[in-house]
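Below you'll find the structure, written out as structure tokens, and then a few comments.
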Amino acid sequence: MEESPKEEKVCRPCSEKSKIIEGNLVAGQINYSIRDKAKNLVNGIGDMLKENYVSNEEYMRRKEICRQCPHRLNVLTNKHNPERVSKADKCMACDCFLIAQVGKLRGKCWLVNQECPLGKWKV
């Protein structure tokens, strides 16, 4: 029995083909269920409480991938800046802050048990 290939969808805002791992593409954004969001939140909080962060090298690799991604948006300016990732940048695919760092609170790029919802970087 042959496996069917994963479906590719086109993201409307950037017209970039993105392989969607989970969820549905709705108006250019991935719509995750409450269960998926809760699971990601619990894993992220667990990593922060345990100070379970990736190495600086892995953080920089993830950050560079996110810098180039058209799904990244600065919530203060409501714009995408391809030159720089700021602490106010949020992934529009998963709705997570990417690099924010305030005490033990850190963005998704820092956390060991997190991955890109578009499959661009994984645990």
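A short reminder: the numbers here are calculations on the coordinates, not readings from a lab. Small disclaimer: the values here were computed from a predicted structure and weren't measured. Methodologically, a virtual Cβ is constructed for each residue, glycine included, from the backbone with ideal geometry; neighbour enumeration extends over all protein chains shown.
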Original post:
What order, most packed first, do the peptides 52-65, 86-99, 110-123 have when packing is the mean number of other Cβ atoms within 10 Å of each residue?
Top reply: 86-99, 110-123, 52-65
Original post:
Any idea how far apart Lys79 and Val42 come out in nm if each label point goes 7 Å out from Cα toward Cβ?
Top reply: 4.1
**OP:** May I ask you to derive the FRET efficiency for Lys122 and Glu51 from their Cβ-Cβ distance with R0 = 22 Å, giving the value to the nearest 0.05?
**Re:** 0.55
Original post:
Amide H of Arg72: which non-local residues (sequence gap of 5 or more, or other chain) have their own amide H closer than 5 Å, using H built in the peptide plane?
Top reply: Met92
**OP:** Please compute the net charge surrounding Asn56, taking Lys and Arg as +1 and Asp and Glu as -1 over other residues with Cβ under 13 Å from its Cβ.
**Re:** +1
Original post:
Local charge sum around Val75 (other residues, Cβ-Cβ under 13 Å, Lys/Arg +1, Asp/Glu -1)?
Top reply: +2
